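The values are calculated or read from the model by the stated rules, or taken from the named source; none is laboratory data. Because the structure is a prediction, the values reported are computed rather than measured. Reconstructed Cβ throughout: ideal geometry from the backbone, glycine too, with neighbour counts over all protein chains shown.
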Ligand SMILES: Nc1ncnc2c1ncn2[C@@H]1O[C@H](COP(=O)(O)OP(=O)(O)OP(=O)(O)O)[C@@H](O)[C@H]1O
Ligand SMILES: [Mg+2]
């Protein structure tokens with residue numbers, strides 16, 4: 001598909017921006033350091049140990065010493081030390097997380113440009129624990145000036161400040177993967193990108209300077225590339241290649257189930273070089289509906305963010321601010337708020353200047369907003385996979401004999417719209433001896449770790465599967481030849497941590513998942529019931545076919561029947577048994 005060249009230029013650079021450093025990363029070392037003061041034990045009479053009381057001068061010296069050690073911690077240094085927060089806790093997980101971050105970005109970029117994604121993922125093994133991950137997409141490419149910051153600076157991206165359904169949220173993913181690669185192998189990230197047929201392709205080598213959280217560009221040059229537009233990212237890192245549940249193969253297969261419009265060609269590593277290529281071809285020929293960006297809902301904004309919005313706004317009065325910055329604020333809401341503020345005796349009116357509202361009044365205003373009725377946020381901003389496409393994708397990827405899918409209507413948690421989808425595949429070649437496989441997805445991204453901490457697992461475990469003819473031990477996933485898919489699409493997925501591995505337990509989310517699972521459960525129960533009846537029928541029929549002719553032969557011998565009478569008797573007996581069986 002031809003890409004609109006304006007897309008690459010259109011505001012990608014404008015919308016990509018630095019994200020403010022989170023509180024945790026801004027702490028100084030002061031909180032960790034403790035004063036250690038030694039006092040010499042006095043000779044002579046033994047005295048009860050008393051707390052040392054350093055003299056004033058010494059205390060001052062100590063404060064000066066500590067002051068000398070206190071300094072800002074760069075966000076990259078923080079995450080380099082706490083890499084587990086971003087999913088790089090061990091070599092196997094690091095390899096999968098790197099593939100995941102690059103694939104997420106590639107799919108996001110293609111969707112933003114309304115291009116049907118074609119991804120090439122190549123993992124090459126150099127040594128026992130050293131790999132190179134290369135992910136190439138046919139997206140809009142990245143403008144030249146943005147490449148260094150995207151790959152060499154943490155907390156830099158285009159998605160954090162917008163409420164829009166996308167795979168990326170935080171502006172950390174790909175630079176963190178690059179940083180992990182640099183820390184473990186010393187190799188920079190290689191990037192190749194081209195924004196249109198008219199533009200030349202460029203090649204970069206970017207390393208992150210963790211002390212400054214800034215990029216070092218080691219190389220930038222023009223290059224030849226047969227692609228009209230797209231990006232190729234190569235990261236060399238220490239890793240472990242695993243088969244099975246947390247394998248890259250399994251991950252990409254799951255990606256293809258939730259992204260039926262994408263083609264993913266994967267070349268795994270092998271001892272001799274590269275292994276045989278696996279082609280997950282697309283099962284849908286149209287890109288998904290483009291998710292719309294929305295403004296926050298007044299009930300979904302926390303106090304701290306609300307205070308900052310009051311300071312940052314250009315509006316001259318409160319009503320202008322609320323109308324401009326939030327969704328679902330109309331005349332009625334403004335009037336109700338005015339009444340509520342007067343009733344609660346808050347020293348603010350809807351005409352007050354936002355920047356001049358005192359902190360205490362702002363808190364009362366925030367509470368008053370929470371008390372008034374406001375229409376739920378619009379939900380057309382969501383882009384679910386859809387029942388039909390999810391069904392088709394499951395049929396083509398999972399060898400079962402019964403499939404069903406449910407897309408629930410959109411709902412809202414804490415002012416954020418979300419939508420749940422559930423898919424179920426049962427029987428066929430799936431193994432029935434183990435716990436079922438649960439594919440968890442958030443905005444079409446498979447979640448691989450922290451299964452036990454995720455709202456999706458809890459919802460599945462809490463459904464009484466025995467009511468649906470599926471066996472289940474108490475407090476566990478069911479045991480059956482079954483795969484369950486649970487997908488949450490939302491403008492802001494409430495993950496339990498920065499590594500985006502588990503969804504938080506919001507009651508509204510749990511409820512929607514449960515309703516989807518129960519609907520699928522009812523359908524599979526009907527299917528299992530039908531299958532059991534058919535099997536019993538078959539068994540009874542086979543008894544009749546097996547034993548009645550023998551009875552005919554016995555009767556012939558006892559009663560001295562002719563062959564004709566024997567056959568007639570057999571036929572009569574068969575008819576009578578068939579009729580009585582059906583009654
Ligand atoms: N393959 C790509 N094509 C085009 N733009 C890209 C590509 N990869 C990354 N980007 C841009 O770089 C930005 C930073 O990517 P990064 O993965 O670090 O953060 P993110 O995707 O915004 O959020 P998250 O940390 O949740 O992944 C993205 O927001 C996007 O604008
Ligand atoms: Mg990302």
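Within segment 232-243, identify whether any single residue is within 16 Å of ligand 2 (Cβ to nearest atom), within 28 Å of residue 111 (Cα to Cα) and out of contact with any strand residue (DSSP E or B) (no Cβ under 7 Å at 6 or more places or on another chain), and answer yes or no.
no
Tell me, which strands (runs of 3 or more DSSP E) lie completely within segment 172-261 with 2 or more residues that are within 14 Å of ligand 1 (Cβ to nearest atom)?
189-194, 201-209, 230-238
Quick test of your reading of the structure: residue 395 fulfils all but one of (1) out of contact with any strand residue (DSSP E or B) (no Cβ under 6 Å at 6 or more places or on another chain); (2) in a helix (DSSP H, G or I). Name the failing condition by number.
Single failed check for residue 395: (1).
Of the residues in segment 133-154, how many are touching a helix residue (DSSP H, G or I) at 6+ places or on another chain (Cβ under 6 Å), within 13 Å of ligand 2 (Cβ to nearest atom) and in a loop (DSSP other than H, G, I, E, B)?
Summing the residues that are touching a helix residue (DSSP H, G or I) at 6+ places or on another chain (Cβ under 6 Å), within 13 Å of ligand 2 (Cβ to nearest atom) and in a loop (DSSP other than H, G, I, E, B) in segment 133-154 gives 2.
Has segment 114-122 got at least one residue that is part of a loop (DSSP other than H, G, I, E, B) and either touching a strand residue (DSSP E or B) at 6+ places or on another chain (Cβ under 7 Å) or under 17 Å from residue 267 (Cα atoms) (or both)?
Yes, the conditions are met somewhere in segment 114-122.
Being surrounded by fewer than 21 Cβ atoms within 10 Å (Cβ to Cβ) and under 18 Å from the mean Cα position of the chain (by Cα), is that true of even one residue in segment 268-287?
No, that holds for no residue.
Before we move on, is residue 148 over 20 Å from the mean Cα position of the chain (by Cα) and near ligand 1 (Cβ under 8 Å from one of its atoms)?
It is false that residue 148 is over 20 Å from the mean Cα position of the chain (by Cα) and near ligand 1 (Cβ under 8 Å from one of its atoms).
Can you tell me how many residues in segment 262-276 are under 23 Å from residue 444 (Cβ atoms) and assigned to a loop (DSSP other than H, G, I, E, B)?
Summing the residues that are under 23 Å from residue 444 (Cβ atoms) and assigned to a loop (DSSP other than H, G, I, E, B) in segment 262-276 gives 2.
Would you mind stating whether residue 69 is assigned by TED's automatic domain parsing to the domain that holds residue 261 and away from ligand 2 (no atom under 14 Å from the Cβ)?
no
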